[in-house]
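Visitor: Here it is, the structure, as structure tokens.
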Amino acid sequence: MASDPGVRLLALRCDALADASTNAIADLIDYFDADLIYIIEEKLDMRTASTVERTASCPVIYTRRSAVCTETIDDVTVSIVSSLDFVGGASSASGHGIPDGADYVICDEIQTSADSVTMDVSLDGLEHLARFQHRTDREATFLTGAMEASYDFVWKADVDDESVRLPVRGLAPTRRQGAPELACVSLDSDGRIGVSTTPADKFGLRALSGVGKGTAPKLAQNGYETRDKVAAATERELREIRGIGESKAQSIRQSAHALSEGSVIRLTNESVPAAEYSPLFIDIETDSLNPSIIWLIGVYDPEADEYVDFIDREPSRDNPGKATREFVTWLASEYDRTSLIAWNGHDFDFKHLSRFIRGYAPEYADYWSDSVFEYDLLDWAVRKDNAVLPGRTNRVEDVAEALGHGRDAAAAAFDGKSLAKTIQRLLRSPERARDVDWEAARAYCEADVRELAAVYEAIAEATPGQMRAGGPGDENTTQTGLMDF
């Protein structure tokens, strides 16, 4: 994973790594390439902590070892404390707390509590955080391993008749479908935080398609301890391992080649979508997976190498179709017929754009249905089994990263889920407009569509059918890749 701006902080909770081998832990540490690793106090297992410490080349912090620890990396100061008393309580008042100039403060005692009767939500330690924030010259951001990395909220409190802001972010693994997702956050000196997550079971041999916690040890016991060794094996050799049949052996080997070489494996001779046209690449930003508003639409034209976007800087549920109307008006004036490519477009981008055009720009509904052709690259490549991609997940940013297309500083400071939550807050409270860095949001959207175009190009340039050979006599080998695990 390429370096993001500022400090890269990897947050680990030991129970998320309960099934991880030593090689898998080494792989995840190498993949995230963090500047600082924080092991969350909850579920702390000293065997896992010891493995992380022996493997990592960066500082590894957990509060059982030190009640207060402060690290300054690239002019960003991060303090990790075991108790709120070290933030704004008696311990800090007696001189044993954290420096007033800290940019980020990590304390797992920071968490929310809900009153089951009134349904009010409060923040444990609010007074401690407020006292600390009030006495410092700069605004600190507070991080906690007690809440998931998707948590992002700015609390407010009054100290001596002065209002202070208390930005709070979670660090704990998040849950989507399947394994918990480890969070790596980029922390810059201006308080901007970008979050990237990767499932805990996508490291070591388990990063390979078809390899779960039962198959991984079988591969290792048969001499295939690393992905490179799996890639160098023949399918016949893999089928000799109990429980691995023809289809599974083929899938494992193809995945090993893609990951080890950082390349796309084309499985069929099917034409890449819209290959005969000059397609446009599109991405939308919304307030949720079931959006009430589309507030940003980005479009990239690779033939002209031009990016254009349509952004609603005053989003409102009273006028949720503003960006959509501007986009479809532009598209119809510039292109009589066009092909649009999105990532997971059938389930998200195209699905909701169609709904919003019908609802808020109905005069363009016929143009959209008759003259705009929609292609979903994820659906074509993965769901229809036309290609194997080299990312740890099939998220477009992970695939692009594996292909060598990293994000610049402005784009890396954001993630889609945090952006959506920021817009949700803005819709509820328009005065929170200051919480949105509109230019950075545009840079994030532009990175998405340029990455999508780069993935498309890599798929189009891959040799079709190159990994289909795999009969009993298959002795194909491949150059060893750069991945060690």
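Visitor: Can you list residues whose amide H is under 5 Å from residue 175's amide H, if they're 5+ apart or on another chain and H is modeled 1.01 Å from N?
Guide: 181
Visitor: Using a probe radius of 1.4 Å on heavy atoms only, what accessible surface per residue do you get for the chain? Whole Å² is fine.
Guide: 44 Å²
Visitor: In nanometres, what is the gap between the two model label sites at residue 218 and residue 329, each 7 Å from Cα along Cα-to-Cβ?
Guide: Placing both labels 7 Å along Cα→Cβ, they lie 6.1 nm apart.
Visitor: Can I ask one more? Once phi is turned into θ = phi - 60°, what whole-Hz ³J(HN,Hα) does the Karplus curve with 6.51, -1.76 and 1.60 give for every residue of the range 182-190, x standing for Gly and Pro?
Guide: Ordered by residue, 3J(HN,Hα) equals 6, 10, 10, 10, 9, 10, 9, 6, 9 Hz.
Visitor: Express the Stokes-Einstein translational diffusion coefficient of the range 267-310 in µm² s⁻¹, to the nearest whole number, given a Kirkwood radius over alpha-carbon pairs, 20 °C and a viscosity of 1.002 mPa s.
Guide: 169 µm²/s
Visitor: Have a look at 348, 260, 453 and report the one farthest towards the positive end of the charge dipole of the chain, computed about the Cα centre with Cβ charges (Lys/Arg +1, Asp/Glu -1).
Guide: 260
Visitor: Based on the alpha-carbon gyration tensor of the range 1-71 and its eigenvalue square roots a ≥ b ≥ c, which shape applies: rounded if a/c is under 1.5, prolate if not and a/b is larger than b/c, or oblate?
Guide: The shape class here is oblate.
Visitor: Could you rank the peptides 161-168, 255-262 by their average count of other C-beta atoms within 10 Å per residue, with the highest value first?
Guide: 255-262, 161-168
Visitor: For residue 124, enumerate residues with amide H under 5 Å from its amide H, sequence gap 5+ or separate chain, H modeled in the peptide plane.
Guide: Long-range HN contacts for residue 124: 111, 112, 113.
Visitor: I've got another one for you. Assign one of three labels to the range 55-175, namely rounded, prolate or oblate, based on the Cα gyration tensor with a ≥ b ≥ c the square roots of its eigenvalues; rounded applies when a/c is under 1.5, prolate when it is not and a/b is larger than b/c, and oblate otherwise.
Guide: oblate
Visitor: Each residue of the range 51-62 in turn: what ³J(HN,Hα) in whole Hz from Karplus with 6.51, -1.76, 1.60 and θ = phi - 60°, glycine and Pro shown as x?
Guide: 5, 4, 4, 5, 8, 6, 9, 9, x, 10, 10, 8
Visitor: Between residue 15 and residue 122, 0.36 nm times their residue separation minus their Cα-Cα distance comes to what?
Guide: Full extension of this stretch gives 35.8 nm more.
Visitor: Same structure again: List the residues, sorted by chain then number, that are 5 or more residues from residue 159 or on another chain and whose placed amide H is less than 5 Å from its amide H.
Guide: For residue 159, whose amide H was placed from the backbone, the distant partners under 5 Å are 164.
Visitor: State the antiparallel share, in %, of DSSP beta bridges confined to the range 287-400, rounding to the nearest 5.
Guide: Of the beta bridges lying entirely in the range 287-400, close to 55 percent run antiparallel.
Visitor: If the only charges are +1 at each Lys and Arg Cβ and -1 at each Asp and Glu Cβ, what is the size of the charge dipole of the chain around the Cα centre, to the nearest 20 debye?
Guide: My answer is approximately 1700 debye.
Visitor: Charges at C-beta only: +1 for Lys and Arg, -1 for Asp and Glu. How large is the resulting dipole of the range 240-398 about its Cα centre, in Debye rounded to 20?
Guide: 780 debye
Visitor: Using +1 at the C-beta of Lys and Arg and -1 at the C-beta of Asp and Glu, which of 327, 278, 291 has the Cα lying farthest in the positive direction of the dipole of the range 247-330?
Guide: Farthest towards the positive end: 291.
Visitor: Here's a follow-up. As an exercise, find the ratio Rg/Rh for the chain from alpha-carbon atoms, using the Kirkwood inverse-distance average for Rh.
Guide: 1.00
Visitor: Describe numerically, in nm with one decimal, the distance between label points set 7 Å from Cα along Cα→Cβ at residue 162 and at residue 275.
Guide: In this crude label model, residue 162 to residue 275 measures out at 6.5 nm.
Visitor: Could you run the Karplus curve 6.51 cos²θ - 1.76 cosθ + 1.60 with θ = phi - 60° over the range 307-319 and give me ³J(HN,Hα) per residue in whole Hz, x for Gly and Pro?
Guide: Each residue's phi maps through the Karplus curve to give 10, 9, 9, 10, 10, 9, 7, 10, x, 8, 5, 7, 9 Hz.
Visitor: Oh, and also: In debye, nearest 20, what is the charge dipole magnitude of the range 110-221 about its Cα centre with +1 on Lys and Arg Cβ and -1 on Asp and Glu Cβ, if you could check?
Guide: Approximately 1000 debye in magnitude.
Visitor: Could you work out [θ]222 nm for the chain from helices alone, using -39500 (n - 2.57) per DSSP H run of at least four and dividing by all its residues? Round to the nearest 500 deg cm²/dmol.
Guide: So the calculated ellipticity at 222 nm is -9000 deg cm²/dmol.
Visitor: Could you rank the peptides 376-385, 192-201 by their average count of other C-beta atoms within 10 Å per residue, with the highest value first?
Guide: With the highest mean Cβ count within 10 Å placed first, the list reads 192-201, 376-385.
The values are calculated or read from the model by the stated rules, or taken from the named source; none is laboratory data. Note that this is a predicted model, so its numbers are computed, not measured. Glycine also receives a Cβ, built like all others from the backbone with ideal geometry; neighbour counts cover every protein chain displayed. These accessible areas exclude ligands, DNA and RNA; they are computed on the full protein's heavy atoms, side chains included. Shrake-Rupley method; radii C 1.70, N 1.55, O 1.52, S 1.80 Å.
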